[in-house]
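Please find one structure pasted underneath; my questions will follow.
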Amino acid sequence: MLNLRALRDPIFIQAVIAAALSFSHIHDVADAAGQTGWKAWAYPISVDVLLAVAWQMMRARGGAAAWFWFLVAMAASLGANVATSGVMDLTNPPVWLRVIVAGWPAVAFLGGTLLVHRRRVEGAEEPTPPTVDEEPQEPAQGPADEWAEVADTEPAEELQKAVPAPELVTYRDAAELLNVAEVTVRGWAGRGLVQKYPGQGANGVRVSLEECRMYRASQLMKV
């Protein structure tokens with residue numbers, strides 16, 4: 001739900017004004033380069049979408065691909081702002097500007113497809129091999145041993161029912177659910193702020209999602 005206080009934030013108002021001006025500049029450049037009508041309005045949308053997707057990937061996982069496409073989208077936006085400042089005659093744009101504007105849809109489609117595919121591949125969990133449950137062989141017990149086993153197991157079973165097992169997730173899953181970087185969750189576990197649990201597969205280490213949430217909440221309260 002949108003916070004009404006954020007609408008009165010000067011930084012938020014400044015960001016909206018800057019986005020509207022950049023949106024208009026990209027439209028003007030596309031229109032001057034021959035992309036008239038609805039196509040001129042589609043150009044700033046494609047630039048902003050690629051910029052937002054690349055920024056999200058940078059915050060979530062980082063990587064050279066996210067940085068590259070973020071800089072490409074930023075260069076397109078900045079170039080349109082400079083082109084409308086009067087340094088270029090948009091009534092008779094040069095040929096190279098027409099070529100760049102005409103080729104931008106293919107570039108934006110390629111960048112968005114690669115970023116979305118990379119996010120899905122990294123978010124996929126590796127399948128774990130099925131395990132075969134084997135019942136252990138129990139030694140023969142006498143009446144005294146059976147009485148001792150009942151006395152020992154009943155309190156333990158009651159304790160297990162009272163205390164639920166923690167929800168264990170990978171570093172990546174915890175980072176996505178808490179909207180932080182994966183390296184941040186690794187740092188919590190490495191410094192002993194949250195407990196590490198053994199797991200199966202390539203990403204063997206697991207952490208408790210509840211512990212991560214509690215530590216994340218404590219950090220936000222300090223801020």
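The values are calculated or read from the model by the stated rules, or taken from the named source; none is laboratory data. These figures come from a predicted structure and were not determined experimentally. Here the Cβ is made from the backbone with ideal geometry for all residues, glycine too, and neighbour counts use every protein chain on show. For the accessible areas, the whole protein counts, side chains as well, though only heavy atoms, and no ligand, DNA or RNA atoms are used. Shrake-Rupley method; radii C 1.70, N 1.55, O 1.52, S 1.80 Å.
Is one or more of the residues making up the range 192-201 surrounded by 14 or more Cβ atoms within 10 Å (Cβ to Cβ), at pLDDT 75 or above and assigned to a helix (DSSP H, G or I)?
no
How do the helices (runs of 4 or more DSSP H) wholly within the range 1-119 filter down when requiring 1 or more residues that are polar (S, T, N, Q): which remain?
Once the helices (runs of 4 or more DSSP H) in the range 1-119 are filtered for at least 1 residues that are polar (S, T, N, Q), what remains is 10-32, 38-60, 64-82.
Can you tell me which residue among 66, 73, 54, 33 is over 28 Å from residue 181 (Cα atoms) and of a type in the set (A, V, I, L, M, F, W, C)? Spell out how you get there, then give the answer.
Working: 66 fails: over 28 Å from residue 181 (Cα atoms); 73 fails: over 28 Å from residue 181 (Cα atoms); 54 fails: over 28 Å from residue 181 (Cα atoms).
Unique residue meeting the criteria: 33.
Tally up the residues in the range 6-50 that are in contact with a Gly (Cβ under 8 Å, 6 or more places away or on another chain) and more than 21 Å from residue 82 (Cβ to Cβ), please.
Residues flagged as in contact with a Gly (Cβ under 8 Å, 6 or more places away or on another chain) and more than 21 Å from residue 82 (Cβ to Cβ) within the range 6-50 amount to 1.
Sticking with this structure for a sec: Of the residues 156, 175, which is part of a helix (DSSP H, G or I), open to solvent by less than 60 Å² (accessible area, probe 1.4 Å) and at pLDDT 80 or above?
Going through 156, 175 in turn, just one is part of a helix (DSSP H, G or I), open to solvent by less than 60 Å² (accessible area, probe 1.4 Å) and at pLDDT 80 or above: 175.
Separate question: What are the residues in the range 63-88 that are open to solvent by 60 Å² or more (accessible area, probe 1.4 Å) and over 17 Å from residue 110 (Cβ atoms), if any?
78, 82, 85, 86, 87
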